[in-house]
Amino acid sequence: MNLRLVKLEPKYRGHLNEMMEEWYASGEKIIPYAIRRLDYRDFDSYLANLEIREPAPGLVPDSTFFCLDEDQDRFVGAVNIRHWLNERLLLDGGHIGDGVRPSQRRKGVATRMIALALEECRKLGIDRVLMVCHKDNIGSAKSIRNNGGVLENEITVDGVVEQRYWIDGKGRMQ
(Lines give C-alpha, C1' and ligand atoms only; values in the text may rest on other atoms or scores of the structure.)
Protein backbone atom coordinates (compact mmCIF):
# COMPACT_ATOMS: atom_id res chain seq x y z
CA MET A 1 0.00 0.00 0.00
CA ASN A 2 1.62 3.21 -1.22
CA LEU A 3 -0.23 6.10 0.43
CA ARG A 4 0.39 9.83 0.34
CA LEU A 5 -1.56 12.91 1.30
CA VAL A 6 -2.46 15.26 -1.52
CA LYS A 7 -4.23 18.58 -1.76
CA LEU A 8 -7.35 18.55 -3.89
CA GLU A 9 -6.83 19.86 -7.40
CA PRO A 10 -8.79 19.53 -10.65
CA LYS A 11 -6.94 16.39 -11.76
CA TYR A 12 -8.42 14.58 -8.72
CA ARG A 13 -12.05 15.49 -9.43
CA GLY A 14 -12.91 11.92 -10.50
CA HIS A 15 -11.16 10.50 -7.43
CA LEU A 16 -13.22 12.78 -5.17
CA ASN A 17 -16.50 11.95 -6.92
CA GLU A 18 -15.92 8.21 -6.67
CA MET A 19 -15.03 8.32 -2.97
CA MET A 20 -17.88 10.63 -1.99
CA GLU A 21 -20.45 8.65 -4.00
CA GLU A 22 -19.40 5.45 -2.22
CA TRP A 23 -19.53 7.15 1.17
CA TYR A 24 -22.96 8.72 0.63
CA ALA A 25 -24.32 5.41 -0.73
CA SER A 26 -23.23 3.71 2.50
CA GLY A 27 -25.52 5.99 4.52
CA GLU A 28 -22.72 6.70 7.01
CA LYS A 29 -21.77 10.08 8.39
CA ILE A 30 -18.74 11.27 6.44
CA ILE A 31 -15.74 12.22 8.54
CA PRO A 32 -13.93 14.56 8.53
CA TYR A 33 -16.68 17.14 8.50
CA ALA A 34 -14.59 19.41 6.26
CA ILE A 35 -15.11 17.17 3.24
CA ARG A 36 -18.91 16.98 3.64
CA ARG A 37 -19.75 20.55 4.65
CA LEU A 38 -19.94 21.66 1.01
CA ASP A 39 -21.46 20.06 -2.09
CA TYR A 40 -18.59 18.22 -3.78
CA ARG A 41 -20.59 18.11 -7.04
CA ASP A 42 -20.07 21.89 -7.41
CA PHE A 43 -16.37 21.21 -7.80
CA ASP A 44 -15.10 24.74 -8.39
CA SER A 45 -16.87 26.12 -5.31
CA TYR A 46 -15.89 23.03 -3.28
CA LEU A 47 -12.24 23.43 -4.23
CA ALA A 48 -12.23 27.19 -3.56
CA ASN A 49 -13.86 26.85 -0.13
CA LEU A 50 -12.58 23.49 1.14
CA GLU A 51 -10.13 25.02 3.58
CA ILE A 52 -10.65 27.74 6.14
CA ARG A 53 -7.88 30.27 5.60
CA GLU A 54 -8.83 32.95 8.13
CA PRO A 55 -10.26 32.54 11.64
CA ALA A 56 -13.99 33.18 11.87
CA PRO A 57 -16.45 32.86 14.77
CA GLY A 58 -16.13 29.27 15.98
CA LEU A 59 -13.68 28.34 13.21
CA VAL A 60 -9.90 28.11 12.99
CA PRO A 61 -7.67 27.87 9.90
CA ASP A 62 -7.34 24.32 8.63
CA SER A 63 -5.75 22.19 5.93
CA THR A 64 -7.54 19.34 4.19
CA PHE A 65 -5.71 16.48 2.52
CA PHE A 66 -6.98 13.47 0.64
CA CYS A 67 -5.22 10.15 1.04
CA LEU A 68 -4.23 8.81 -2.36
CA ASP A 69 -3.43 5.13 -2.72
CA GLU A 70 -0.97 5.34 -5.59
CA ASP A 71 -1.17 1.61 -6.30
CA GLN A 72 -4.96 1.75 -6.80
CA ASP A 73 -4.97 5.37 -8.08
CA ARG A 74 -7.90 6.26 -5.83
CA PHE A 75 -8.72 8.27 -2.75
CA VAL A 76 -9.00 6.00 0.28
CA GLY A 77 -9.74 8.67 2.89
CA ALA A 78 -9.17 12.22 4.04
CA VAL A 79 -7.74 14.22 6.92
CA ASN A 80 -8.50 17.71 8.14
CA ILE A 81 -5.87 19.42 10.27
CA ARG A 82 -6.88 22.34 12.46
CA HIS A 83 -3.93 24.71 12.87
CA TRP A 84 -4.80 25.49 16.48
CA LEU A 85 -7.54 24.65 18.94
CA ASN A 86 -10.38 26.83 20.13
CA GLU A 87 -12.43 25.83 23.20
CA ARG A 88 -14.76 23.53 21.26
CA LEU A 89 -11.92 21.77 19.41
CA LEU A 90 -9.98 21.36 22.65
CA LEU A 91 -13.00 19.63 24.12
CA ASP A 92 -14.11 17.30 21.35
CA GLY A 93 -12.60 18.07 17.96
CA GLY A 94 -8.85 17.93 18.21
CA HIS A 95 -6.22 18.87 15.68
CA ILE A 96 -6.85 16.01 13.26
CA GLY A 97 -10.12 14.70 11.92
CA ASP A 98 -9.76 11.64 9.72
CA GLY A 99 -11.92 9.18 7.87
CA VAL A 100 -11.44 6.14 5.66
CA ARG A 101 -13.94 5.34 2.93
CA PRO A 102 -16.02 2.24 3.71
CA SER A 103 -14.42 -0.15 1.19
CA GLN A 104 -10.90 0.58 2.46
CA ARG A 105 -11.30 -0.04 6.18
CA ARG A 106 -9.46 -2.67 8.22
CA LYS A 107 -6.47 -2.51 5.89
CA GLY A 108 -4.20 -0.22 7.93
CA VAL A 109 -5.16 2.90 5.98
CA ALA A 110 -6.14 4.95 9.05
CA THR A 111 -2.91 4.19 10.93
CA ARG A 112 -0.77 5.21 7.97
CA MET A 113 -2.94 8.23 7.14
CA ILE A 114 -2.64 9.54 10.71
CA ALA A 115 1.15 9.10 10.53
CA LEU A 116 1.18 11.20 7.35
CA ALA A 117 -1.07 13.80 8.99
CA LEU A 118 1.33 14.00 11.93
CA GLU A 119 4.09 14.90 9.46
CA GLU A 120 1.89 17.75 8.20
CA CYS A 121 1.27 18.86 11.80
CA ARG A 122 5.03 19.05 12.37
CA LYS A 123 5.34 21.28 9.28
CA LEU A 124 2.75 23.60 10.87
CA GLY A 125 4.70 23.67 14.15
CA ILE A 126 2.13 21.66 16.10
CA ASP A 127 4.23 19.89 18.73
CA ARG A 128 1.46 18.15 20.63
CA VAL A 129 -1.53 16.80 18.72
CA LEU A 130 -4.99 16.13 20.12
CA MET A 131 -7.16 13.48 18.47
CA VAL A 132 -10.66 12.61 19.63
CA CYS A 133 -12.88 9.65 18.79
CA HIS A 134 -16.11 8.08 20.00
CA LYS A 135 -15.42 5.50 22.69
CA ASP A 136 -17.22 2.84 20.67
CA ASN A 137 -15.02 3.47 17.60
CA ILE A 138 -12.46 0.81 18.47
CA GLY A 139 -10.73 0.98 15.07
CA SER A 140 -10.15 4.71 15.33
CA ALA A 141 -8.81 4.44 18.87
CA LYS A 142 -6.42 1.68 17.76
CA SER A 143 -5.14 3.79 14.84
CA ILE A 144 -4.53 6.72 17.19
CA ARG A 145 -2.71 4.53 19.72
CA ASN A 146 -0.65 2.98 16.89
CA ASN A 147 0.68 6.50 16.29
CA GLY A 148 1.65 7.11 19.90
CA GLY A 149 -1.69 8.42 21.17
CA VAL A 150 -2.05 8.42 24.96
CA LEU A 151 -5.56 8.56 26.40
CA GLU A 152 -5.96 11.63 28.60
CA ASN A 153 -9.60 11.20 29.52
CA GLU A 154 -13.12 10.41 28.45
CA ILE A 155 -15.82 13.05 28.32
CA THR A 156 -19.49 13.02 27.40
CA VAL A 157 -20.54 15.43 24.67
CA ASP A 158 -24.17 15.51 23.59
CA GLY A 159 -24.71 12.10 25.17
CA VAL A 160 -21.73 10.49 23.41
CA VAL A 161 -18.62 9.35 25.27
CA GLU A 162 -15.54 10.77 23.56
CA GLN A 163 -11.96 9.67 24.14
CA ARG A 164 -9.29 12.38 24.05
CA TYR A 165 -5.79 11.26 23.01
CA TRP A 166 -2.60 13.30 22.92
CA ILE A 167 0.24 12.45 20.55
CA ASP A 168 3.74 13.79 21.08
CA GLY A 169 4.73 15.89 18.06
CA LYS A 170 7.51 13.47 17.22
CA GLY A 171 4.92 10.73 16.67
CA ARG A 172 5.85 7.34 15.28
CA MET A 173 6.15 6.62 11.60
CA GLN A 174 4.14 3.58 10.58
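Considering only residues that are touching a strand residue (DSSP E or B) at 6+ places or on another chain (Cβ under 6 Å) and among the aliphatic types (A, V, I, L, M), look in the stretch 9-33 and name the one that is most open to solvent (accessible area, probe 1.4 Å). It comes out as Ile31. Check the stretch 92-110 and report whether any residue there is of a type outside the set (Lys, Arg), touching a Lys or Arg at 6+ places or on another chain (Cβ under 6 Å), closer than 15 Å to Met131 by Cα and not in a helix (DSSP H, G or I). Yes; the residues of the stretch 92-110 include at least one that is of a type outside the set (Lys, Arg), touching a Lys or Arg at 6+ places or on another chain (Cβ under 6 Å), closer than 15 Å to Met131 by Cα and not in a helix (DSSP H, G or I).
The residue of the stretch 72-123 that is farthest from Asn17 (Cα to Cα), among those that are surrounded by 15 or more Cβ atoms within 10 Å (Cβ to Cβ) and of a type in the set (S, T, N, Q), is Thr111.
Selection over the stretch 126-139 of residues that are open to solvent by less than 50 Å² (accessible area, probe 1.4 Å) and touching a Gly at 6+ places or on another chain (Cβ under 9 Å) gives a count of 6. Residues of the stretch 93-100 include at least one that is closer than 17 Å to Ser143 by Cα, modelled with pLDDT under 95 and not polar (S, T, N, Q).
Select, from Pro61, Pro10, Pro57, the only residue that is free of Cβ contacts under 8 Å to residues at least 24 places away in the same chain and farther than 21 Å from Cys121 by Cα. When all the criteria are applied, what remains is Pro57.
Condition first: farther than 23 Å from Glu9 by Cβ and in a helix (DSSP H, G or I). Can you find one or more residues in the stretch 145-162 that meet it? Even if it seems obvious, please write down each step before you answer.
Of all residues in the stretch 145-162, those farther than 23 Å from Glu9 by Cβ come to 145-162.
Still in the list and also in a helix (DSSP H, G or I): 145-146.
Yes, some residue in the stretch 145-162 is farther than 23 Å from Glu9 by Cβ and in a helix (DSSP H, G or I).
Of all residues being farther than 22 Å from Asn17 by Cα and not in a loop (DSSP other than H, G, I, E, B) in the stretch 48-61, which is least open to solvent (accessible area, probe 1.4 Å)? Just the residue, please. My answer is Ala56.
Could you pull out the residue among Ala34, Ala78 that is assigned to a helix (DSSP H, G or I) and small (Gly, Ala, Ser)?
Numbers: Ala78 fails: assigned to a helix (DSSP H, G or I).
Just a single option satisfies the conditions, and that option is Ala34.
Buried (at least 19 other Cβ atoms within 10 Å of the Cβ) and touching a residue at least 24 places away in the same chain (Cβ under 8 Å): does that describe Asn2? For Asn2, the condition - buried (at least 19 other Cβ atoms within 10 Å of the Cβ) and touching a residue at least 24 places away in the same chain (Cβ under 8 Å) - is not met.
Within the stretch 107-129, work out how many residues are among the aliphatic types (A, V, I, L, M) and in contact with a helix residue (DSSP H, G or I) (Cβ under 7 Å, 6 or more places away or on another chain). Let's see the steps before the verdict.
From the stretch 107-129, those among the aliphatic types (A, V, I, L, M) are 109-110, 113-118, 124, 126, 129; that's our starting set.
Still in the list and also in contact with a helix residue (DSSP H, G or I) (Cβ under 7 Å, 6 or more places away or on another chain): 110, 114, 129.
Matching residues across the stretch 107-129 total 3.
Residues considered: Leu68, Leu85. Of these, the only one that is in contact with a Lys or Arg (Cβ under 6 Å, 6 or more places away or on another chain) and either closer than 23 Å to Met131 by Cα or at pLDDT below 95 (or both) is Leu68. Among the residues making up the stretch 31-45, those that are more than 21 Å from Pro102 (Cβ to Cβ) and out of contact with any helix residue (DSSP H, G or I) (no Cβ under 8 Å at 6 or more places or on another chain) are Asp42, Asp44, Ser45.
The values are calculated or read from the model by the stated rules, or taken from the named source; none is laboratory data. On a predicted model such as this, the values are computed, not experimentally measured, just so you know. Virtual Cβ from ideal backbone geometry, glycine too; neighbours counted across all protein chains shown. For the accessible areas, the whole protein counts, side chains as well, though only heavy atoms, and no ligand, DNA or RNA atoms are used. Shrake-Rupley method; radii C 1.70, N 1.55, O 1.52, S 1.80 Å.
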